[in-house]
There are 2 protein chains.
Amino acid sequence: MAGTKARALTKEQAQLIARALADPRRVEILKQIGSCDCVACGNVRECQPISAATLSHHLKELETAGLIEITREGKFARLALRRDTLEAYRSYLADI
Amino acid sequence: MAGTKARALTKEQAQLIARALADPRRVEILKQIGSCDCVACGNVRECQPISAATLSHHLKELETAGLIEITREGKFARLALRRDTLEAYRSYLADI
DNA sequence: TCATCAATTCGACATGCATCGAAATGTCAA
DNA sequence: TTGACATTTCGATGCATGTCGAATTGATGA
């Protein structure tokens, strides 16, 4: 169908996403990133009681899963939710 | 909307489901249960190279998450996929 | 250049969890 | 009752991972 551009996920991709979503803190981070744009690591840390090291680790997991995109801008990291990946995972679940 | 009866999940429920889906073996089991009805533990074991103890553990996790229903019939356990829960989780993800 | 700040990497630790074999429980048929 | 079979529980083991502090990298401004 034209318009529904959710590509199919491989099992490996789906598993990466599932693992990423299995940690409640990462889901909270995802929600925050999705709620507005122009999010930097510091913004997330203001709302989550975790160390910078831990946050960095979580962000890498989310990026590896394809759930967020991290673009570096000078000192800061701009975080953006990748809704296409989330949508693809929803389709994957629908096929169960 | 009448017809879309997916109840909203609490964070705790969503997390149980996410954790249950984070193990690839459990996803395979879910797919098998969903593909046909009248599934017993033995049927699953024929397709999954795991011990009975491990399978029982996974089934309990899936049941706790609300993703399957286990009804005992004599010696056997009848396993059924709960698509309503899966659908509720898909809605949860859509709200991120 | 130097100090400062954002973010990452490193090393270590504690907890969680998938897995198994063995023992237990429960059910059916002879 | 007894034996065979399906499933569960128990206890142990090994690996994965969330977490942190400390050290590092990288960029900006004084």
If you line up the long axis of helix B:24-35 against the longest principal axis of chain B, both from Cα atoms, how many degrees apart are they, to the nearest 10? 90 degrees
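What total accessible area, in Å², is buried where chains A and B meet, using a 1.4 Å probe and rounding to the nearest 100?
That pair hides around 2000 Å² of surface in total.
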Tilt, helix A:83-94 to longest principal axis of chain A (alpha-carbon atoms), in degrees rounded to tens, equals 40 degrees
Across bins of 10 angstrom width beginning at 0, how are the C-alpha pair distances of the protein assembly as shown distributed, in whole percent? 8, 33, 31, 18, 7, 1, 0
Please compute the alpha carbon radius of gyration of the range A:11-94, then divide it by the globular-protein estimate 2.2 N^0.38 Å. Two decimals is fine. 1.05
For chain B, find the longest principal axis of its Cα atoms and tell me its angle to the long axis of helix B:11-21, 0 to 90°, nearest 10. 40 degrees
Using protein chains only (no ligands, no nucleic acids) and a 1.4 Å probe, work out which residues of the range A:52-96 have their accessible area cut by at least 20 Å² relative to the chain alone. A:Arg83, A:Leu86, A:Tyr89, A:Arg90, A:Tyr92, A:Leu93, A:Ala94, A:Ile96
Per-residue average of other protein chain Cβ atoms inside 10 Å, peptide B:29-37 -> 1
Determine which lysines satisfy two conditions relative to A:Lys11: a Cα distance under 25 Å, and not lying fewer than 8 residues away in the same chain. A:Lys31, A:Lys60, B:Lys31, B:Lys60
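The values are calculated or read from the model by the stated rules, or taken from the named source; none is laboratory data. Given the structure is predicted, the values throughout are model-derived calculations rather than measurements. FYI the Cβ positions are ideal-geometry reconstructions off the backbone, even for glycines, and counts take in every protein chain you see. Keep in mind that these areas ignore ligands, DNA and RNA; they rest on the heavy atoms of the full protein, side chains included. Shrake-Rupley method; radii C 1.70, N 1.55, O 1.52, S 1.80 Å.
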